[in-house]
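Notes for the one structure printed next.
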Amino acid sequence: METVRTQDVGVNDLNWKIEYDPLRCTMCGSCVASCSFKAIHVEMQRVDKTVSVDNQPNPVKRHEARPVIKQVASLTDYCRGCGICEKVCPNNAIRPVRNPDSRQTLLSKDHGPIKRGGRTNINAQRALDSIVVGRISQMTDPSLDAARHTFDIRSPFGRVLSAKELPFKIVDGKLVPAGHTPPVHWIYPLIFSDMSIGALSTRAWEAVALAVGYLNEKCGLPVRMSSGEGGMPVKLLESEYLKYFIIQIASGHFGWNRIIKAMPHMVTDPAGILIKIGQGAKPGDGGLLQSAKVAEHVQAIRGVPKATLASPPNHQGLYSIEESVQKMHLSMNAAFGFRVPVAIKCAASATSVSVYNNLLRDPYKICGGFFIDGIQGGTGAANEVSLDHTGHPVVSKIRDCYLAAVKQGLQGQIPLYGGGGIGMTGNAAADAFKMMCLGANGVFCGKVLIQLLGCIGNEQGRCNSCNTGKCPMGICTQDPRLVKRLDIDRGAQKIVDYVLAFDNELKKLMAPIGNSSLPIGRSDALVSTDKAIADRLGIQYVC
Amino acid sequence: MCRIGSIKSKVPVQPSKALHLMLPQQEGHDNSGFAMVMQDLYGIFSNYKDKPLLSLACTQRGEQLVADYMDAHNFVRLAEWIPIPDKRPGLDIKAMPYYIFRNYDYPEDAAFMSKEEKENLLLDTRLALRKILDEAGEGYVYSFWPDVLTLKEIGDPRDIATYFHLWDDNGCLCAKSIVAQCRQNTNYDIVRYAAHPFFLQGYTLCANGENTFYTKNKEFQKSLHRGYIGFESDSQCFLNTLHYVHHELKWPLIYYKHVITPLPFEEIADREDKDTLIAIRQSLANLEINGPNTIIGVLPTQEMITCCDSKKLRPVVVGRTDDMVAISSEVCGLNEIMPDRDQTKDIYPNEREIVVIDNNLEVQRWKQ
């Protein structure tokens, strides 16, 4: 008998083990066919089987070879726990089970650092869950009625001037604008975050875009979507619907060749420009699209060959915040005739307040929004070490930035948007509401959208394979066979329904505190059951 | 719920009129105090209408601190009225030892000052006195402004009136404009400064209700103007905003309403002046108020105004005769002081109006 080698990988070394019941298996083969990771295969196995086929019990022991499903013991083709096998199995014969004895993280570095998608699997703590809306209007002032009263759920996107800077003149007792002011759009306080065509499948991106169109055109909710750094379809760039999209520019400038070529043909302005400096999931690291996902259409939109596409960690030629304002903001503002707000997105960091202060003091007043992305933000691909060990929670950072502005009387002048983990536990409205009370003008979310489309990835190491091009749900892949699994219309509908519920839930939170406008900075409405969090955020501690 | 009231009259009226306006509404308030601001004064102050009048409640030591400061800053004492209280036993009043109403002449160098510089001098003087008295714990200074008298006290308003002989109608205190309120702060600590009406550089304001955007108002106002201090009551924010919009930004009064209760975005989009309204809404988002409230205010021009929150969650009514206009939380107050008025002409302002009463008692209703 061959001696087993200790270095051989066994299925017990992997994060997920396949639990398979040969007695239930009808050998239809659906599970093997649907596993995009090739983590299971069919094997012939010799089995002893005792059967009785007569009218009277007459057990007969048979030795036979029959096909079974077996897990592959491999560090490349391993089970991600996505559960597609369980989903397709007609007879409940197979499912992945989490393996508490896994050694996978330790063993998987033969070809360099582990790369994956998803969120941090270590720092998934939730400050927001110890915060509740605790200042309820009762006898001091009446609560509003979420169903009966009207609510003004809009947030600014663009550089807001102080009242003294507004170029008004008085004509016949009325204030009349007499000069240029930076463009500001009032949008829905939930922005669909930047997930590129490339990171997402065309179908997934289309489903999100379709939801945006529907929410705007049919539901009257001015939800805006950031394109991500991967360009946009030319037809969309040249359509009326461009007004619902925030075009992103990041250090790789992917997609901008087409965007610039489309500019003379644009019939409307985009909703905004978002300069991406950093991302909460992998701060200080650039964008990454592994070659497995750089399909022909992605090559075409981005104007690149098939190769792993890495956006540099930094914008070329950017040495300081002043340059960021002068070069990037000014050029993007100028490109659209100073009609389109230009905002900036950074990963939350110990230095966020300094950045925000600099932007607030910029004499050109051309930064139209500061997007802070926390450690719990998702990504299509990153080094696992970045995902799990770098970053900064967003909640206290939003609060710090808001209070820094308060200190200078500049709150509201550069709208603050917070993201990274919004909706992580399913209720984005509650998260958004609390973030706004702490000082955010709105929130952005991405992961929750693809989860609505069907992504089953989570913070306990489930799936997280967005980087592989093998997304079993057809969301983060360009493989046409996988992409077909995603129903665009149903996906879009799921997002629309979620946002409509979000809107209702937001009203259900605004009404009890007696607010018909968004409670930006109303920290008095919040209390925390965690003393440390209460102290850190300057809200009431309750027990 | 609090009750507020005000009277604007062609002939000077005495404080008892304001008390009669307020007392029928007592079911709605707890009779825990009385505060009023009188403007356009007659009676004993009629000869000093252009000279700043200091309204002070303090101890003997506090009076000395004030006198020292005013002397050091070359204010010249012109006239003074120190009410001799009726200290009969059993009165429900937590009185301060002294109430001083004192006219000063400006320092000599004020002769060369512009109107604005004088206004700032008066404000800075009041703020300095407040600081001195606060630090020493020796009293309160409510207003320091020409032709304006402020009285605030804790206790039953009827007893407070007895204490100050306000029922006597002795002609001592008369004014063409009185704003009054009969309750102490309930949401926060009882502090004399927290009692409405509030006064700042010619602007008087009292409010009935709750400002649920108090925190964001306060955080913003603190950096807007040195006069925006205290914040003992959420209603002070209404006054600060009125002062900021009308006095600092010098915007026409109607925009006050657009700042505190902006139109919904959908309505703004249909307006001709949408660019103006949206610019105001976004630049002064932190001055928006929310929650139920009604405001009564008086401008430096002595015009009186009233308006409500954007959902009209608090009541207010304006009644008028040929010689008098009164604003009241409840109509029973009007019935008490002007029973013969034509009630069909009473105005119940809606949530989008500012009602302005000019010095000829013409009542204008401005739609936002």
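Overview of values
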quantity: Count - residues of the range A:347-398 that are part of a helix (DSSP H, G or I) and more than 21 Å from the chain's Cα centre (by Cα); calculated: 8
quantity: Criterion: within 27 Å of A:MET510 (Cα to Cα) and either surrounded by fewer than 18 Cβ atoms within 10 Å (Cβ to Cβ) or at pLDDT below 95 (or both) - qualifying residue of B:PRO339, B:PRO292, B:PRO262; calculated: B:PRO292
quantity: Subset of the range B:276-302 (residues that are touching a strand residue (DSSP E or B) at 6+ places or on another chain (Cβ under 9 Å) and away from chain A (no Cβ under 14 Å)); calculated: B:ILE295, B:ILE296, B:GLY297, B:VAL298, B:LEU299, B:PRO300, B:GLN302
quantity: Scan of the range A:80-113 for residues that are in contact with a strand residue (DSSP E or B) (Cβ under 7 Å, 6 or more places away or on another chain) and closer than 14 Å to A:LEU14 by Cα, ordered by number; calculated: A:ARG80, A:GLY81, A:PRO96, A:VAL97, A:ARG98, A:ASN99
quantity: Condition check for A:ILE301: in contact with a helix residue (DSSP H, G or I) (Cβ under 7 Å, 6 or more places away or on another chain), surrounded by 17 or more Cβ atoms within 10 Å (Cβ to Cβ), modelled with pLDDT under 95 and not in a loop (DSSP other than H, G, I, E, B); calculated: yes
quantity: Total residues in the range A:402-437, condition touching a strand residue (DSSP E or B) at 6+ places or on another chain (Cβ under 6 Å), in a loop (DSSP other than H, G, I, E, B) and more than 10 Å from every other protein chain (Cβ to nearest Cβ); calculated: 4
quantity: Any hit, the range A:52-59, residues being surrounded by 10 or more Cβ atoms within 10 Å (Cβ to Cβ) and in contact (Cβ under 8 Å) with a residue 60 or more places away in the chain; calculated: no
quantity: Single unsatisfied condition, A:LYS38 versus (1) touching an Asp or Glu at 6+ places or on another chain (Cβ under 7 Å); (2) at negative phi; calculated: (2)
quantity: Residue under evaluation B:LYS311, criteria (1) surrounded by 20 or more Cβ atoms within 10 Å (Cβ to Cβ); (2) closer than 30 Å to B:ILE7 by Cβ; (3) within 14 Å of chain A (Cβ to nearest Cβ); (4) not hydrophobic (A, V, I, L, M, F, W, C), criterion not met; calculated: (1)
quantity: For A:ILE94: the one exception among (1) surrounded by 16 or more Cβ atoms within 10 Å (Cβ to Cβ); (2) more than 10 Å from chain B (Cβ to nearest Cβ); (3) at positive phi; calculated: (3)
quantity: Residues satisfying the stated conditions in the range A:280-310, i.e. small (Gly, Ala, Ser) and without any contact (Cβ under 8 Å) to a residue 24 or more places away in the chain; calculated: A:SER291, A:ALA300, A:ALA307
quantity: Test for A:SER162: is it under 30 Å from A:GLY457 (Cβ atoms), in contact (Cβ under 8 Å) with a residue 60 or more places away in the chain and at the interface with chain B (Cβ under 10 Å from one of its Cβ atoms); calculated: no
quantity: All positions within the range A:196-245 that are within 30 Å of A:ARG116 (Cβ to Cβ), of a type in the set (Val, Ile, Thr) and touching a helix residue (DSSP H, G or I) at 6+ places or on another chain (Cβ under 6 Å); calculated: A:ILE197, A:VAL208, A:VAL212, A:VAL223
quantity: In the range B:18-40, the residues that are surrounded by fewer than 24 Cβ atoms within 10 Å (Cβ to Cβ) and either out of contact with any Lys or Arg (no Cβ under 6 Å at 6 or more places or on another chain) or not in a strand (DSSP E or B) (or both); calculated: B:LEU19, B:HIS20, B:LEU23, B:PRO24, B:GLN25, B:GLN26, B:GLU27, B:GLY28, B:HIS29, B:ASP30, B:ASN31, B:SER32
quantity: Qualifying residue in the range A:123-146 (condition: surrounded by 24 or more Cβ atoms within 10 Å (Cβ to Cβ) and at pLDDT 95 or above); calculated: yes
quantity: Identity of the residue in the range A:438-458, more than 14 Å from chain B (Cβ to nearest Cβ) and among the aliphatic types (A, V, I, L, M), that ends up surrounded by the most Cβ atoms within 10 Å (Cβ to Cβ); calculated: A:VAL443
quantity: Test: residue in the range A:145-157 that is over 22 Å from the mean Cα position of the chain (by Cα), within 10 Å of chain B (Cβ to nearest Cβ) and of a type in the set (Gly, Ala, Ser); calculated: no
quantity: Filter result for A:VAL527 (hydrophobic (A, V, I, L, M, F, W, C), surrounded by fewer than 20 Cβ atoms within 10 Å (Cβ to Cβ) and within 14 Å of chain B (Cβ to nearest Cβ)); calculated: yes
quantity: Residue match in the range B:41-57 (condition: hydroxyl-bearing (Ser, Thr, Tyr) and touching a helix residue (DSSP H, G or I) at 6+ places or on another chain (Cβ under 7 Å)); calculated: no
quantity: The range A:499-517 residues that are within 14 Å of chain B (Cβ to nearest Cβ), paired with ones that are assigned to a helix (DSSP H, G or I) (beta carbon under 6 Å, 6 or more apart); calculated: A:LEU509/A:PHE433; A:ILE513/A:ALA525
quantity: Failed criterion for B:GLN364 (all others in (1) in contact (Cβ under 8 Å) with a residue 12 or more places away in the chain; (2) within 14 Å of chain A (Cβ to nearest Cβ) hold); calculated: (1)
quantity: Filter result for A:LEU486 (within 14 Å of another protein chain (Cβ to nearest Cβ) and more than 27 Å from A:GLN104 (Cβ to Cβ)); calculated: no
quantity: Residue that is farthest from A:VAL298 (Cα to Cα), among those in the range A:173-198 that are facing chain B (nearest Cβ under 7 Å) and either in a loop (DSSP other than H, G, I, E, B) or in contact (Cβ under 8 Å) with a residue 24 or more places away in the chain (or both); calculated: A:GLY173
quantity: So B:GLU119, is it surrounded by fewer than 20 Cβ atoms within 10 Å (Cβ to Cβ), under 21 Å from the mean Cα position of the chain (by Cα) and acidic (Asp, Glu); calculated: yes
quantity: Filter result (of a type in the set (Asp, Glu), more than 10 Å from chain A (Cβ to nearest Cβ) and under 25 Å from A:ALA404 (Cα atoms)) within the range B:214-273; calculated: B:GLU232
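The rows are residues; the columns are (1) buried (at least 19 other Cβ atoms within 10 Å of the Cβ); (2) within 17 Å of A:ALA39 (Cβ to Cβ); (3) in contact with a Cys (Cβ under 9 Å, 6 or more places away or on another chain).
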{"site": "A:THR468", "(1), (2), (3)": "yes, yes, yes"}
{"site": "A:ILE475", "(1), (2), (3)": "yes, no, yes"}
{"site": "A:ASP479", "(1), (2), (3)": "no, yes, yes"}
{"site": "A:ILE495", "(1), (2), (3)": "yes, no, no"}
{"site": "A:PRO512", "(1), (2), (3)": "no, no, no"}
{"site": "A:ILE520", "(1), (2), (3)": "yes, no, yes"}
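The values are calculated or read from the model by the stated rules, or taken from the named source; none is laboratory data. Bear in mind that the values here come from a model prediction, so they are computed numbers and not experimental data. Ideal geometry is used to build each Cβ from the backbone, glycine not excepted, and the neighbour counts take in all protein chains shown.
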